[in-house]
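The numbers here are math on the coordinates, done by the rules we state, and not lab data. Small disclaimer: the values here were computed from a predicted structure and weren't measured. Cβ coordinates were reconstructed from backbone atoms using ideal geometry, including for glycine residues, and neighbour counts include every protein chain displayed.
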Amino acid sequence: MSDSNKPPIWFWVVSVLALLWNLSGVYNYLSIKFNQVEMLEAMSQAERELFEGVPAWATAAFAIAVFSGTIASIGLLLRKKWAKPLFVVSLVAAVLQFINWLLLQNAGEVYGSHAYTMPIIVVVIGLLLILFSKKGVQKGWLS
């Protein structure tokens, strides 16, 4: 490996942060899947109806988003260029999930403006991770 293809320290820091971010998404997904009874008991009636109304395709999009993002983050740490298309898959799946949440299910009616906070954060970070992996490919850090 030549020094010109050696990633800088900040590459590794961002890659680890990307992995931690995506692992938190996996944790959230698994918590929802395995702690539904406890979650439903803590919700208001409107929140419960919203939660119970999530279609299977939106749940699948959530799973695809977090697991492909996690695998893509591992790809960064392994310095593999296949990380970039997996980050694209992750972002597209997240956007599909948020289309359901915000437009089809109208979560804003239940949660107000707070319903938009996490989707905005996820989309911004998703775009940044795509750009980051693209830069990694261009610089020769990912192969």
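A few remarks follow.
- At 1.306 mPa s and 10 °C, Stokes diffusion of region 13-86 via Kirkwood alpha-carbon radius, µm² per second: 116
- Each Lys and Arg contributes +1 and each Asp and Glu -1, all at the Cβ; summed about the Cα centre of the chain, the dipole is approximately 1060 debye.
- For region 85-143 and region 1-62, distance of Cα centres in Å: 11
- Relative contact order for the chain: 28 percent, from Cα pairs under 8 Å spaced at least 6 residues apart, divided by residue count.
- Listed residue (Asn28, Ala61, Phe87) projecting farthest to the positive dipole end of the chain, Cβ model: Phe87
- As computed over region 1-52, the Cα convex hull volume per residue (Å³): 110
- Modelled FRET efficiency - R0 22 Å, Trp82 with Ala60, Cβ distances, 0.05 increments: 0.55
- Evaluated over the chain, the Cα radius of gyration and Dmax, each in Å: 17.2, 60
- Rounded to the nearest 500, the helix-only mean residue ellipticity at 222 nm of the chain stands at -25000 deg cm²/dmol, with each DSSP H run of n ≥ 4 adding -39,500 (n - 2.57).
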